[in-house]
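One structure below.
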Amino acid sequence: MYFVNIFRCIQNPKPLLVFVNVKSGGCQGMELISSFRRLLNPYQVYDLENGGPLPGLYVFRHIRDYKILVCGGDGTVGWVLQCLDNVGQDSECQSPPCAILPLGTGNDLARVLRWGPGYTGGEEPLTILKDVIDAEEIRLDRWTVVFHVDEKGDDKSGPNASSSEDNTAIYVMNNYFGIGIDASLCLDFHNAREENPDKFNSRFHNKGVYVKMGLRKMVSRRTWRDFHKEVRLEVDNKVIDLPPVEGIIILNILSWGSGANPWGPEKEDQFAKPTHYDGMLEVVGVTGVVHMGQIQSGLRSAIRIAQGGHLRIKLYTEMPVQVDGEPWIQSSGEVVVLRSALKATMLKKSKGKMKRRNTEPSMVVSPMEISQDVPSSSGPF
């Protein structure tokens, strides 16, 4: 009834479109779908297992101003943003602001935007909806990552890239991009989950598996000690001499590996204070699995290498890479990272609780407002 009264007393409602990934993290999605459908019009809540984000975006294509709540991990957020890129020109609202209910394992973007390390089920769905109303709109830089394979190499680009006939694959990056030891560990975890998806059904278990894989890598013979000799890095047209590291991580946000900040605290050096909307990327190096563990434990920072808005990387041999947690083995060739023309508007959770007035925009929309194609619902509005 709270939402019904608000909807009737305002002229410009901002309805909410909810996407839930039932496979993310602790598999709490089905319960959330039921709760949100009781509070909202059922046609505002979508299970991503049933056709992905496109059905919901299609239903909302004539809504001029609305918000999105993505219930899932960082990969789910990237999926929704990618679909928004694809349908934006055909929609009344081309860049609706997105909030996150973190259900994944890492949830690094959610942490940066203050939505927390992971939803535990302790917070009432109605409270979550109120937090979305109060949230602040912010811009998120996005980056185009172009992989061009050498003519002699085979194209081994990842599965979510758009590709062309000249062995070029293109990604959009929101969080970070890793090459070397970080991506190698990410690939091991990804392969294990692909082989036994039923075992990866809790956030705690997933993190435990990741730690075990890191320990296994420490005692294995395979290392990336020659990494700095097999990679050439150029930032803003300047060649950067790499220190003896086993991998580099290119950061758009200051959260990596489930909440760690590889860039480290503020200090006096030649680098500017980073943000996720300044048009700059931060490049850091890691010296191995032990160093990565120390970063994730908060004992050390990564090695600051460079900061800039245009990166060119030459891979002299095939390397493990990962873009926003999607890993694969990349053939030798060139990688270019440049600021994307695609933009994202995100919602950052407010620090304090603001007092709500009855003139706040509602997040509930009537079936007629959503689309002429959608039948009326007997559920709550």
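Only one of the numbered conditions (1) over 15 Å from the mean Cα position of the chain (by Cα); (2) at pLDDT 95 or above; (3) of a type in the set (A, V, I, L, M, F, W, C) is violated by Ala99, and that is (1). Scanning region 270-279 finds no residues that are under 16 Å from Ile179 (Cβ atoms) and of a type in the set (Val, Ile, Thr). Please find, among Thr345, Thr275, the residue that is under 30 Å from Lys130 (Cβ atoms) and at pLDDT 95 or above. None of the other options fit; the residue is Thr345. Number of residues in region 239-271 that are of a type outside the set (Asp, Glu) and without any contact (Cβ under 8 Å) to a residue 60 or more places away in the chain equals 11.
Quick check on region 45-63. Is at least one of its residues of a type in the set (Phe, Trp, Tyr) and in contact (Cβ under 8 Å) with a residue 60 or more places away in the chain? Taking every residue of region 45-63 in turn, at least one turns out to be of a type in the set (Phe, Trp, Tyr) and in contact (Cβ under 8 Å) with a residue 60 or more places away in the chain. Scanning region 306-330 for residues that are crowded, with 20+ Cβ neighbours inside 10 Å and more than 23 Å from the chain's Cα centre (by Cα) returns a single hit, Leu315.
With Ser24, Ser35 as the choices, which residue is within 24 Å of Gly122 (Cβ to Cβ), assigned by TED's automatic domain parsing to the domain that holds Lys349, buried (at least 23 other Cβ atoms within 10 Å of the Cβ) and among the hydroxyl-bearing types (Ser, Thr, Tyr)?
After applying the criteria, what remains is Ser24.
Taking the criterion of being in contact with a strand residue (DSSP E or B) (Cβ under 8 Å, 6 or more places away or on another chain) and of a type in the set (Asp, Glu), the residues of region 35-88 that qualify are Asp47, Asp85. Number of residues in region 88-133 that are in a loop (DSSP other than H, G, I, E, B) and of a type outside the set (Gly, Ala, Ser): the value is 16. Condition (residue is in a strand (DSSP E or B) and of a type outside the set (Val, Ile, Thr)) applied to region 255-267: is it met by at least one residue? Within region 255-267, one or more residues are in a strand (DSSP E or B) and of a type outside the set (Val, Ile, Thr).
The values are calculated or read from the model by the stated rules, or taken from the named source; none is laboratory data. Values in this document were obtained by computation on a predicted structure and should not be read as measured data. For neighbour counting, all protein chains shown are included, and Cβ atoms are generated from backbone atoms with ideal geometry for every residue, glycine included.
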